[in-house]
1. Could you list, in sequence order, all residues of segment 122-168 that are farther than 19 Å from Gln13 by Cβ and hydroxyl-bearing (Ser, Thr, Tyr)?
2. Identify, please: which residue in segment 201-224 is free of Cβ contacts under 8 Å to residues at least 60 places away in the same chain and either closer than 24 Å to Glu78 by Cα or in contact with a Ser or Thr (Cβ under 9 Å, 6 or more places away or on another chain) (or both) and is, among those, most open to solvent (accessible area, probe 1.4 Å)?
3. Can you find a residue in segment 70-84 that is open to solvent by less than 70 Å² (accessible area, probe 1.4 Å), basic (Lys, Arg), without any contact (Cβ under 8 Å) to a residue 60 or more places away in the chain and out of contact with any strand residue (DSSP E or B) (no Cβ under 6 Å at 6 or more places or on another chain)?
4. Of the residues Lys241, Lys227, which single one is touching a Lys or Arg at 6+ places or on another chain (Cβ under 9 Å) and either outside any helix (DSSP H, G or I) or open to solvent by 30 Å² or more (accessible area, probe 1.4 Å) (or both)?
5. Give me the residue from segment 111-130 that is within 16 Å of Val43 (Cβ to Cβ) and assigned to a helix (DSSP H, G or I) and, out of that set, most open to solvent (accessible area, probe 1.4 Å).
6. Only one of these is in contact with a Lys or Arg (Cβ under 6 Å, 6 or more places away or on another chain) and either open to solvent by 10 Å² or more (accessible area, probe 1.4 Å) or over 24 Å from Glu15 (Cβ atoms) (or both): Glu188, Glu250. Name it.
7. Identify all residues within segment 75-110 that are in a strand (DSSP E or B) and either in contact with a helix residue (DSSP H, G or I) (Cβ under 6 Å, 6 or more places away or on another chain) or not hydrophobic (A, V, I, L, M, F, W, C) (or both); write none if there are none.
8. Kindly indicate whether Asp90 is touching an Asp or Glu at 6+ places or on another chain (Cβ under 7 Å), farther than 25 Å from Gln54 by Cα and of a type in the set (D, E, K, R).
Amino acid sequence: MNIIEINSKLQSQKETLLHHTLYEKVKTIEDLHQFLECHVYAVWDFMSLLKALQSKLTCTTTPWFASVNPQTRYLINEIVLAEESDLTLDGKRLSHFEMYVDAMKDCGADTIKLTTFITDVLDTKNVFIAIKKSSLHPNVKAFLDFTFRIIEEGKTHKIAAAFTFGREDLIPNMFTEILKNFQQNFPETDLSKLIYYFERHIELDTDEHGPMAMEMINELCGNDSKKWMEVEEVSVLALEKRIELWDAIEEKIEASLAIA
């Protein structure tokens, strides 16, 4: 098995995501807020996948020793540098998660529930307890639980699969266009930071991080057919969890409309 075969096997889930009815439901600023307030958890747990890979593929403890594969060490460190310390629209250095939260605040989306959740993670020192006790939608909980179960299992190629294939590159392009339309229709709402975030995401994933992540999968799996099979299984599940996340956001938007 190889990267091309994996991508082919994921085509059904990717098509479902690409043509999900959620996109046509995001019509007002309130709808956009609903989207951001759920999607931010996928931005957050992505950083945990990234740091789990860095922990596995480089040396992050002392005394320092050279990790086994210099190429994967380079690949993950390059991705970490941009994802954890990228340039913001106004020239500062922030992680992509912090950039996203900053953009949420700028356009009026609520971040209190997110802050409460992260505080609970810190206080309990157990992400699974924090997920379970949170008031998040069940699909959001399942999305997060899946991510951290993969991390806890500790198999590097599985974490890399969730990181590489579970974060599809179709959505940012689509949402950039939606946001630009929003900026025209709702000029009083500043979406510049949000648009910058998605455009930066597209730029990095297309030109750098996407190819690097694919190379990392090749390096980790090599000729091991069992690893390739597990990569496929995790990738399918990761995309299905993303579809369920989209279902949850759509459900919340429709529920808000019903109340209105």
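1. Listed by number, the residues that qualify are Thr124, Ser134, Ser135, Thr156.
2. Among those that are free of Cβ contacts under 8 Å to residues at least 60 places away in the same chain and either closer than 24 Å to Glu78 by Cα or in contact with a Ser or Thr (Cβ under 9 Å, 6 or more places away or on another chain) (or both), it is Asp207.
3. Within segment 70-84 (the criterion being open to solvent by less than 70 Å² (accessible area, probe 1.4 Å), basic (Lys, Arg), without any contact (Cβ under 8 Å) to a residue 60 or more places away in the chain and out of contact with any strand residue (DSSP E or B) (no Cβ under 6 Å at 6 or more places or on another chain)), the answer is yes, since at least one residue qualifies.
4. Of Lys241, Lys227, the one residue that is touching a Lys or Arg at 6+ places or on another chain (Cβ under 9 Å) and either outside any helix (DSSP H, G or I) or open to solvent by 30 Å² or more (accessible area, probe 1.4 Å) (or both) is Lys227.
5. Result: Lys113.
6. Of the residues listed, the single one that is in contact with a Lys or Arg (Cβ under 6 Å, 6 or more places away or on another chain) and either open to solvent by 10 Å² or more (accessible area, probe 1.4 Å) or over 24 Å from Glu15 (Cβ atoms) (or both) is Glu250.
7. Within segment 75-110, Asp86, Arg93 meet the criteria.
8. Spelling it out, it is not the case that Asp90 is touching an Asp or Glu at 6+ places or on another chain (Cβ under 7 Å), farther than 25 Å from Gln54 by Cα and of a type in the set (D, E, K, R).
The values are calculated or read from the model by the stated rules, or taken from the named source; none is laboratory data. Everything numeric in this text was worked out from a predicted model, so none of it was measured. When we count neighbours, we look across all protein chains shown, and the Cβ atoms used for this are built from the backbone with ideal geometry, even at glycine. When the accessible area is computed, the model is the full protein with side chains, heavy atoms only, and any ligands, DNA or RNA have been set aside. Shrake-Rupley method; radii C 1.70, N 1.55, O 1.52, S 1.80 Å.
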